[in-house]
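Trainee: This structure is in structure tokens; I'll ask about it shortly.
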Amino acid sequence: MNRIEFTRIPFIKNALKSRYPQLAVFIVMLVGYIFAILAGLIGTPVGSRNFSIVFVWIAWWAILILVAVPFFGRGWCAVCPIPLPGEWLQRGAVLNPPDKKPKWLNLRVPKFFRNIWLQSISFLLLALFSSVLLTTPNITGIVLAVMLFGAIGLSTVFERRAFCRYLCPVGGFIGLYSQTAPIELRIKVKQICVTCDGKPCYNGNENGYGCPWDVFPGGLTKNTYCGLCMECIRTCPHDNIAINLRPFAADLAKLSTRIDEAFKAFIMLGSAMIYAGVLLGPWGAFKDAAYNVGTSAWFMYAIVFLAIIFVILPGFFTLGILKTKSALPLKQRFASLATALIPLGLMFWVAFSLSFVLTNTTYIFASLSDPLGLGWNLFGTANIPWQPMFTAILAPAQTLALVGGLIWSARTAQKAANEIKTSSIPVIVFCFIVTLAMLWLLL
Amino acid sequence: MKSSELLSRILITLAIIGAVGTPLLIWSRTPLIHAKVAEGGGWNPSIIKANVGEPLHLKLTSDDVVHGFAVGQMDMQSVNVLPGKVTDVTLTFDKPGIYTFLCTRWCGLNHWRMRGTIEVSGLNTDPSTSSGQAPQPAPAPLYVSLSLDIDAPHDAPVIPGNPPSAINGKQLTKKLSLEKFMTQEYYFSHSPYQLFEELDSTNLSDSEKWDVVGYTWQSNTTKESIADGGQLYAQNCAACHGENGAGNGVFVDDLAAAGETSLQTMTGADDMTMQTPVDFTNPTRMLGASPALLQGKISRGGMGTGMPMWGSIFTEEQIWDLIAYLYSFQFAYHN
């Protein structure tokens, strides 16, 4: 497949090799992140007027799911400020080359946890409380603070970015869907890596740190676990790391064999459907159940939520592929064919997000002028009335996203089925049914 | 340490300190008065200090639903207090005292509990009163000077069969020279039924006696007074007592569901009974109540029931306007 290597452009290459541009972005993002925490804790408790809610769950989410993930993969992780304070603490420096002697415990994450189950659990913990989290500024402030301090704490116990790699609730699905993005970090010539002494991209050298994401770039075949931190570009003594523009979803040609990744696809697909029903649907009882955390109705909601993503969706999918002919055992077939759900899941999230992002965009302008709800009008937009935007194109755009996702997934299913020599029809039928359900929920 | 490393550390540290310190500093220097439904805490703060003659600038915001803000016994339009937005209000007091501010929107079941006080100190600057003097104590309200027991039963044993005719009552009053009952002093201190009883000395029929009562009550009020009273009623009373006075306001079902905490009333030292909002269309209850008695009930409130105390909110004139409006549920005034 054709690639265009961005890092051949001297300006881009130099900007990525230098630490300063990224550090400048990190600092700006860290200020914004801390401000969001404080706005959540001391600002108005009215969610639609609070910076933390509006900028995190509307502005950031819109940028993440509609732009960053589909077009830049883990582009958000490249500028996310959460690891910055922890890494400073862990390395004892911001820019200086690392000491050989670790400053803290520097433990390796136990093998049992080296998967994305913890990220799925942390995502589900937020998802089950999302009706409260997405509307209550102080809860959002607390969650943001817990993530920041959690990352700092883990930096003192484990090596590298343990929080980002194994615990971040959004890192898991960004990694999953980053496989569809047309951006990748890859080595140029494999043989150079094979013969490279000391593997500085993984172990670090005087030019930078060993891969914070615990990945050996020489073995990268998917975007999933590469956080685009650019350290390997700085440390590679052979200039063998490239940032490429590539076709969309190029990674999906390499099928997943991991059950945690397969379930992540179901978790994200099902969560988008449940959110569409509960947050955007007309059923007040569902909203009440989701909002009244701790009540029996909420426990029922949680059970149904978990049942849909862990039992019902994977169960029907398994039933579909159960009788198909294949040389592979069922578990491996399940994992491989679930790859086909990745484009559809991303498009489900795009379609779902379009609804509330276009509906609530005007809150961004109001919140920008009065981020703490103290009566300011910094940019003259504090009193902009709430007004849904582009409502005429919403339904067509959602339909396009869902139908496009279905076609994309069907094509991926065909390729996956050819790869493992089985039938793609059950997967396509499954995708078709859930797409119909999502269309019904959204439109 | 390299200078670039040092500079980076300083920058990050300053960024963190700035990101934490700046919002905290600004926030601590912008005192807001937060409004929440009473169950959530009501006004915070609920006690505000001010000085006579000095403008008091208030920044009001709601932390939940739409509220309203007004200060009792002040000539001011109530303002909306919107969720997440800030409403600026400037007040100037020309008399010292303790003023009550209140929510003017039916924000929830315990809306009436959303009250706070503004403690105004200094010397009187009101030009209508003696300037520079300490305030004189207000005269005792009529119900106090009459020593009325405003919790005593006051039902009228007899009620009119048909709505009284004030026009007919006017003719009978002139014909029988009953003007002695027309004075405001008499009107304030007697119930319609008491006048009905006093007319026993005449040879009028029961229906004619009620017509005279109707005329007497009409002649002690004006269209403007009833209109003003109606406006006050719609804003402050209708939520519980109903738009048409029948005791069936929008909060009644919620009050009943809330049970004892909202509806109990004291009918003796230890006797608490459940009570729904009063039905002003009930002639037995209304025709047995004098304006002074109603003044007491409105001013003092229900003492632990859902009926709030209005004495610190309404002026005396407003209370008489309101009472005139309440009697209009019984008498077809000015038709």
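Trainee: Residue check, residue B:296 against (1) over 16 Å from the mean Cα position of the chain (by Cα); (2) surrounded by fewer than 24 Cβ atoms within 10 Å (Cβ to Cβ); (3) at pLDDT 95 or above, all met but one. Which one?
Mentor: Status for residue B:296: all satisfied but (1).
Trainee: Something else: Can you report the number of residues in region A:67-104 which are more than 13 Å from every other protein chain (Cβ to nearest Cβ) and either touching a His at 6+ places or on another chain (Cβ under 6 Å) or part of a loop (DSSP other than H, G, I, E, B) (or both)?
Mentor: Of the residues in region A:67-104, 9 are more than 13 Å from every other protein chain (Cβ to nearest Cβ) and either touching a His at 6+ places or on another chain (Cβ under 6 Å) or part of a loop (DSSP other than H, G, I, E, B) (or both).
Trainee: Being assigned to a helix (DSSP H, G or I) and either in contact (Cβ under 8 Å) with a residue 24 or more places away in the chain or acidic (Asp, Glu) (or both) narrows it down to one residue among A:320, A:315; which is it?
Mentor: Answer to the check: A:320.
Trainee: Which of the residues spanning region A:157-169 are hydrophobic (A, V, I, L, M, F, W, C) and open to solvent by 20 Å² or more (accessible area, probe 1.4 Å)?
Mentor: Selection gives A:157, A:158, A:167.
A quick yes/no check of all residues on (1) farther than 15 Å from residue B:118 by Cβ; (2) within 14 Å of another protein chain (Cβ to nearest Cβ); (3) of a type outside the set (Gly, Ala, Ser):
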{"position": "B:32", "(1), (2), (3)": "yes, yes, yes"}
{"position": "B:44", "(1), (2), (3)": "no, yes, yes"}
{"position": "B:48", "(1), (2), (3)": "no, no, yes"}
{"position": "B:52", "(1), (2), (3)": "no, no, yes"}
{"position": "B:60", "(1), (2), (3)": "no, yes, yes"}
{"position": "B:63", "(1), (2), (3)": "yes, yes, yes"}
{"position": "B:66", "(1), (2), (3)": "yes, yes, yes"}
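Trainee: Being over 25 Å from the mean Cα position of the chain (by Cα), open to solvent by 20 Å² or more (accessible area, probe 1.4 Å) and of a type in the set (S, T, N, Q), is that true of even one residue in region A:407-414?
Mentor: Within region A:407-414 (the criterion being over 25 Å from the mean Cα position of the chain (by Cα), open to solvent by 20 Å² or more (accessible area, probe 1.4 Å) and of a type in the set (S, T, N, Q)), the answer is yes, since at least one residue qualifies.
Trainee: Would you point out the residue of region A:105-123, among those that are outside any loop (DSSP other than H, G, I, E, B) and open to solvent by less than 30 Å² (accessible area, probe 1.4 Å), that is nearest to the other protein chains (Cβ to nearest Cβ)?
Mentor: A:122
Trainee: Out of region A:366-396, which residues are part of a helix (DSSP H, G or I), within 14 Å of chain B (Cβ to nearest Cβ) and open to solvent by 30 Å² or more (accessible area, probe 1.4 Å)?
Mentor: A:368
Trainee: Checking residue A:89 against (1) in contact with a Ser or Thr (Cβ under 6 Å, 6 or more places away or on another chain); (2) open to solvent by less than 60 Å² (accessible area, probe 1.4 Å); (3) closer than 26 Å to residue A:22 by Cα, which test does it fail?
Mentor: (2)
Trainee: Scan region B:2-25 residue by residue and report those that are under 10 Å from residue A:95 (Cβ atoms) and at the interface with another protein chain (Cβ under 7 Å from one of its Cβ atoms).
Mentor: Once the filter is applied, which keeps residues that are under 10 Å from residue A:95 (Cβ atoms) and at the interface with another protein chain (Cβ under 7 Å from one of its Cβ atoms), region B:2-25 yields B:2, B:4, B:5, B:8, B:9.
Trainee: Just for region A:20-66: of the residues that are among the hydroxyl-bearing types (Ser, Thr, Tyr) and within 20 Å of residue B:30 (Cα to Cα), which one is nearest to the other protein chains (Cβ to nearest Cβ)?
Mentor: If we take residues in region A:20-66 being among the hydroxyl-bearing types (Ser, Thr, Tyr) and within 20 Å of residue B:30 (Cα to Cα), then A:44 is nearest to the other protein chains (Cβ to nearest Cβ).
Trainee: Considering B:184, B:194, which residue is at pLDDT 95 or above and either of a type in the set (Lys, Arg) or open to solvent by 50 Å² or more (accessible area, probe 1.4 Å) (or both)?
Mentor: B:194
Trainee: What are the residues in region A:90-118 that are among the polar types (S, T, N, Q) and over 23 Å from residue A:171 (Cβ atoms), if any?
Mentor: Within region A:90-118, A:96 is the sole residue that qualifies.
Trainee: Filter region B:203-252 down to the residues that are closer than 25 Å to residue B:169 by Cα, open to solvent by 40 Å² or more (accessible area, probe 1.4 Å) and of a type in the set (Gly, Ala, Ser) and list them by number.
Mentor: Passing the criteria: B:205, B:207, B:219, B:227.
Trainee: Quick check on residue A:362: is it in a loop (DSSP other than H, G, I, E, B) and open to solvent by less than 30 Å² (accessible area, probe 1.4 Å)?
Mentor: Against the criterion (in a loop (DSSP other than H, G, I, E, B) and open to solvent by less than 30 Å² (accessible area, probe 1.4 Å)), residue A:362 does not qualify.
Trainee: Could you tell me whether residue A:402 is open to solvent by less than 70 Å² (accessible area, probe 1.4 Å) and within 30 Å of residue B:35 (Cβ to Cβ)?
Mentor: In short, no.
Trainee: Do you know which residues across region B:1-16 are open to solvent by 50 Å² or more (accessible area, probe 1.4 Å) and either closer than 18 Å to residue B:86 by Cβ or among the small types (Gly, Ala, Ser) (or both)?
Mentor: B:3, the sole residue that qualifies.
The values are calculated or read from the model by the stated rules, or taken from the named source; none is laboratory data. The model shown is predicted, which means the values in this text are computed figures rather than measured ones. As a convention, Cβ positions derive from the backbone with ideal geometry for all residues, glycine included, and neighbour counts pool all protein chains shown. We work out accessible area using only protein heavy atoms, side chains counted, and drop any ligands, DNA or RNA first. Shrake-Rupley method; radii C 1.70, N 1.55, O 1.52, S 1.80 Å.
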